[in-house]
Amino acid sequence: MKNKQRIGILTSGGDCPGLNAAIRGVARGAYNLFEPEIIGIADGYRGLIEGDYKEMKQDDFRGILTLGGTILGTSRRPFRNMRVIEDDNVDKVANMKKNYKKMGLDCLVCLGGNGTHKTANLLAEEGLNVIGLPKTIDNDIWATDVTFGFHTAVDLGTDVVDRIHTTANSHGRVMVIEIMGNKAGWLSLYAGLAGGADVILLPEIPYDPNEVIKAVEKRTGKPDRRYAIVVVAEGAFSQEEAKMKRKDRLAIRAEKHYPSVGYQVADMIVQATGLDTRVVNPGHYLRGGNPSAYDRVLATQFGTYAANLIHQENYGQTVAMIGGTIGHNPLSDVAGKTKFVPADCSEVQSALDVGISFGVKKVK
């Protein structure tokens, strides 16, 4: 094992709370184990492609544990385009390999979600030493119990639902709250369950409009309850839409001038019931601000574990929480896989047990 290691760190994809805590964990863990030289790569894979980086000092990692966002900056670079030579004639993979060598790196640490992990695995297959760190508010990375950023987003999403209860009750309205989560509905499930929603609509459980209406009418029909809360994941769709391709679903919504699925569901409720219905979309609010205490701890654990992997020269891995214990999985096992909400998971069952509807007669 080397006493000195030159480590590149980048954050890619959407930002989330806990990125800086994880960066700090990698750095401080490394300083504790060996003599690292740490290179901060700007704006994710863009910086690696374009050679935009800087050498960092220990002082750069002080005071960032509680800081939201990422001190390195981030950007989205779709994996599907990584091997495509576009109009700029840049061979992105060749450039990343060239800049990795130019920086003199012994290892590259990539903090990100599903797309980030696919590109990290691509680079590992190209012969680079790579370690992944799983971040996303969607909690949809394969083979890890949880990702950092998720719990903070759940706290924020729950706060939105909590606050909407009071205004919904005051006005006797149906409130449709659209929560981020395009492919997986973990965030909507947790925020809806924690916030006491009446209906939760997830991408994994295509809804029946009639069942959604029944649930809303049942809830608003009670003398002591004039309102209903419907939490909708941004990627949710109906059983009829489930038969379509995604682009066709989006085309139909655009034709009807629905900015997103929340407005579609709200219009469906209004047309069927006449109830005063409004849409709330907290959007990027859910991924902003300081990380929760849980995410600070988790990100630190993930970061320091990554430093240990580097010290052991155990590359081609991504850190994970497995059965409540910090461990790791091969990047090749994780890349390209999504952790969806299973219909039979305990969280769905708990929601059903307290009377929450998923917009279907029976969850299966």
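The values are calculated or read from the model by the stated rules, or taken from the named source; none is laboratory data. The shown structure was predicted, so the numbers you read here are calculated from the model rather than taken from an experiment. Quick reminder, even Gly has a Cβ in these numbers, built from the backbone with ideal geometry, and neighbours come from all protein chains shown. Ligands, DNA and RNA are excluded from the accessible area calculation, which covers all protein heavy atoms including side chains. Shrake-Rupley method; radii C 1.70, N 1.55, O 1.52, S 1.80 Å.
Name the shape class, rounded, prolate or oblate, that the alpha-carbon gyration tensor gives for the range 256-362, where a ≥ b ≥ c are the square roots of its eigenvalues, rounded holds for a/c under 1.5, and otherwise prolate holds if a/b is larger than b/c and oblate otherwise.
On the way: a/c = 2.63, a/b = 2.16, b/c = 1.22.
Cα axes put the range 256-362 in the prolate bin.
Mind listing the phi-derived Karplus ³J(HN,Hα) values for the range 49-60, rounded to whole Hz, using 6.51, -1.76 and 1.60 with θ = phi - 60°, and x for any glycine or proline?
Along the range 49-60, the couplings run 5, 9, x, 9, 7, 8, 6, 10, 10, 4, 4, 5 Hz.
Leaving out ligands, DNA and RNA, what percent of the accessible area of the range 1-137 is carbon and sulfur, probe 1.4 Å?
Answer for the range 1-137: carbon and sulfur cover 42 percent of the accessible area.
How big is the convex hull of the Cα atoms of the chain, per residue, in Å³?
136 Å³
Per residue, what accessible area does the chain have, given a 1.4 Å probe and all protein chains present, in Å²?
44 Å²
Placing unit charges on C-beta atoms (Lys and Arg positive, Asp and Glu negative, everything else neutral), compute the dipole magnitude of the chain about its Cα centre in debye, rounded to 20.
The dipole of the chain has a size of about 200 debye.
In what order, largest first, do 186, 142 sit by accessible area if the probe radius is 1.4 Å? Numbers along the way, then the final one.
Details: 186 25, 142 110 Å².
Ranking 186, 142 by accessible area, largest first, yields 142, 186.
Would you mind calculating the gained length between residue 208 and residue 278 on full extension (0.36 nm times residue separation, minus the Cα-Cα distance), in nm to one decimal?
Using 0.36 nm per residue and subtracting the Cα-Cα distance, I get 23.2 nm.
Report in % the part of the accessible area of the range 246-364 that belongs to carbon and sulfur, leaving out ligands and nucleic acids; probe 1.4 Å.
Carbon-and-sulfur percentage of accessible area, whole number: 50.
Please determine, in degrees from 0 to 90 and to the nearest 10, the orientation of helix 209-220 with respect to the longest principal axis defined by the Cα atoms of the chain, where the helix direction is its Cα long axis.
Its long axis makes an angle of about 70 degrees.
For the range 120-169, which semi-axes, largest first and in whole Å, follow from the square roots of 5 times the eigenvalues of its Cα gyration tensor?
Details: eigenvalues 277, 14, 11 Å².
Values for the range 120-169, descending: 37, 8, 7 Å.
Considering only protein heavy atoms, with the full assembly of protein chains and a 1.4 angstrom probe, order 227, 45 by accessible area, largest first.
227, 45
How do the peptides 69-76, 159-166, 103-110 rank, highest first, by the average count of neighbouring beta carbon atoms within 10 Å per residue? Before the final figure, lay out each step's value.
Details: 69-76: 19.0, 159-166: 16.4, 103-110: 21.2.
Top to bottom by mean Cβ count within 10 Å: 103-110, 69-76, 159-166.
Considering only 194, 136, 78, whose Cα is most displaced toward the positive end of the charge dipole of the range 73-199, charges sitting on Cβ of Lys, Arg (+1) and Asp, Glu (-1)?
Selected residue: 78.
Under the rule of -39500 (n - 2.57) per DSSP H run of 4 or more residues, summed and divided by the residues of the chain, what mean residue ellipticity at 222 nm is obtained, to the nearest 500 deg cm²/dmol?
So the helix-based figure for the chain works out to -12000 deg cm²/dmol.
From the square roots a ≥ b ≥ c of the eigenvalues of the alpha-carbon gyration tensor of the range 1-118, which class results: rounded (a/c under 1.5), prolate (a/b over b/c), or oblate?
In terms of gyration-tensor shape, oblate.
Distance check, please: which entries in 97/339; 102/245; 4/337; 222/245 exceed 32 angstrom between their Cα atoms?
With Cα atoms farther than 32 Å apart: 102/245; 4/337; 222/245.
Report, in degrees rounded to the nearest 10, the 0 to 90 angle that the Cα long axis of helix 186-195 makes with the longest principal axis of the chain.
50 degrees
How do 50, 204 rank by accessible surface area computed with a 1.4 Å probe, from largest to smallest?
The most accessible residue leads, giving 50, 204.
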